[in-house]
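The values are calculated or read from the model by the stated rules, or taken from the named source; none is laboratory data. Note that this is a predicted model, so its numbers are computed, not measured. Note that we place each Cβ from the backbone using ideal geometry, even for glycine, and neighbour counts take in every protein chain shown. Just so you know, the surface numbers come from the protein's heavy atoms only, side chains and all, with ligands and any DNA or RNA stripped out. Shrake-Rupley method; radii C 1.70, N 1.55, O 1.52, S 1.80 Å.
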Amino acid sequence: MAVEAASVRSTFLGTSSVHVTDGVSGILIDGFFTRPSLLRVALGRPIAPDLGRISDALSRGGIEHLDALFVAHSHLDHVMDSPEIVKRVGGVLYGSESTVNVGRGADLGEQSMTRISDGDKYAFGDFTVRVFEGAHSPGDRFPGTIDEPLVPPAKASAYRTGGCYSFLFEHPTGTMLVHPSANFVPNKFEGLDVDLLYLGIGALGAQSAQFQNDYWHHTVEATRPDLIIPVHWDHFGRPLNKKLRPMPRALDNFAKTKELLDRKSAESGIPVRFQKPYETITPFS
Ligand SMILES: [Zn+2]
């Protein structure tokens with residue numbers, strides 16, 4: 001344990017992209033800043049990383065160096081820009097074989113990529129990152145795996161799920177779980193006790209009350225956070241430099257999710273607060 005561990009800062013960068021650093025080590029979850037138009041995605045038009053938007057997000061987010069970039073799963077809104085980000089600011093890309101194939105398609109060297117599995121633990125300075133394999137939110141539009149190098153431009157449907165993961169950050173000053181996809185494996189997080197839970201709520205409003213209750217039970221009640229910050233709720237067809245809006249009503253029911261969060265927060269006494277894009281917080285102080 002460090003005697004004087006530096007304070008941890010975390011910055012929200014849209015969808016489930018979260019940058020975590022203690023000033024010495026830097027880790028990003030999910031590299032996705034291109035945010036292509038949903039119409040292009042829906043029409044199956046080819047899309048590719050937008051290098052200008054990637055540069056802009058990295059500089060506005062103050063990300064100059066990374067030790068690691070962990071990818072929750074290989075849909076475009078999690079993996080798409082990850083190889084380009086590693087090329088720019090360094091670090092190793094951690095993800096499923098499908099994610100590694102996205103890296104290969106962008107000519108990222110094998111030495112810059114690591115395949116992850118459930119239960120893996122990686123150390124970066126004072127941080128330990130633990131990998132929990134999970135399940136994609138119900139209604140996965142592009143299931144399956146990416147079995148060969150994915151070279152952009154490519155259709156959204158080429159970005160198949162691969163494995164689906166959550167990441168537990170342990171640091172001498174506190175603990176946080178980043179849980180990008182709104183589904184659960186029963187009892188997977190049993191016994192954790194985290195300071196902060198980044199809770200994926202994508203499409204949660206469209207699920208049954210039973211599912212919503214079970215989801216809350218196996219994520220929030222299991223990990224007993226002091227604070228919940230919802231992620232993966234924003235309309236990712238809009239650029240990050242505009243005010244974030246919820247996903248369109250045809251794809252999610254954000255109002256219903258908001259109601260659920262308000263009610264659960266009041267019942268449990270656990271605060272739920274939304275983080276603005278590029279807003280940095282010190283979750284453990
Ligand atoms: Zn997905």
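Here is a list: LEU244, LEU240. Which entry is touching a Phe, Trp or Tyr at 6+ places or on another chain (Cβ under 7 Å), open to solvent by less than 30 Å² (accessible area, probe 1.4 Å) and farther than 29 Å from ASP193 by Cβ?
LEU240
Does segment 94-130 hold any residues that are open to solvent by 40 Å² or more (accessible area, probe 1.4 Å), more than 20 Å from the chain's Cα centre (by Cα) and not polar (S, T, N, Q), and which are they?
Residues satisfying the conditions are ARG104, ASP107, GLU110, GLY125, ASP126.
Which ones in segment 160-195 are within 16 Å of the ligand (Cβ to nearest atom), of a type in the set (Gly, Ala, Ser), open to solvent by less than 20 Å² (accessible area, probe 1.4 Å) and in contact (Cβ under 8 Å) with a residue 60 or more places away in the chain?
Once the filter is applied, which keeps residues that are within 16 Å of the ligand (Cβ to nearest atom), of a type in the set (Gly, Ala, Ser), open to solvent by less than 20 Å² (accessible area, probe 1.4 Å) and in contact (Cβ under 8 Å) with a residue 60 or more places away in the chain, segment 160-195 yields GLY163, SER166, SER181.
When both residues are 6+ apart or on different chains and their Cβ atoms are under 6 Å apart, which pairs have a first residue that lies in segment 218-243 and is touching a residue at least 40 places away in the same chain (Cβ under 8 Å), and a second that is assigned to a helix (DSSP H, G or I) and buried (at least 19 other Cβ atoms within 10 Å of the Cβ)?
Listed pairs, sorted by first residue: PHE236/ASP77; LEU240/ALA57.
Suppose the filter is part of a helix (DSSP H, G or I), touching a Lys or Arg at 6+ places or on another chain (Cβ under 9 Å) and over 23 Å from GLN207 (Cβ atoms); does THR99 pass it?
Yes: the conditions hold for THR99.
Quick one: which of GLY139, GLY90 is within 16 Å of the ligand (Cβ to nearest atom) and at positive phi?
Criteria check complete, one pass: GLY139.
Looking at LYS264, LYS258, which is the one that is closer than 16 Å to LEU204 by Cα, open to solvent by 60 Å² or more (accessible area, probe 1.4 Å) and at pLDDT 95 or above?
One residue alone meets the criteria, LYS258.
Hey, GLY139 hits all of (1) at pLDDT below 95; (2) of a type outside the set (D, E, K, R); (3) closer than 21 Å to GLY61 by Cβ but one; which does it fall short on?
(3)
Condition first: within 16 Å of the ligand (Cβ to nearest atom), modelled with pLDDT under 95 and among the small types (Gly, Ala, Ser). Now tell me which residues in segment 206-252 satisfy that.
Hit for segment 206-252 is ALA206, nothing else.
So which residues in segment 1-39 are charged (D, E, K, R), open to solvent by 50 Å² or more (accessible area, probe 1.4 Å) and touching a residue at least 12 places away in the same chain (Cβ under 8 Å)?
Hit for segment 1-39 is ARG9, nothing else.
Residue under question is MET113, and the condition is that it be within 13 Å of the ligand (Cβ to nearest atom) and not small (Gly, Ala, Ser); does it hold?
For MET113, the condition - within 13 Å of the ligand (Cβ to nearest atom) and not small (Gly, Ala, Ser) - is not met.
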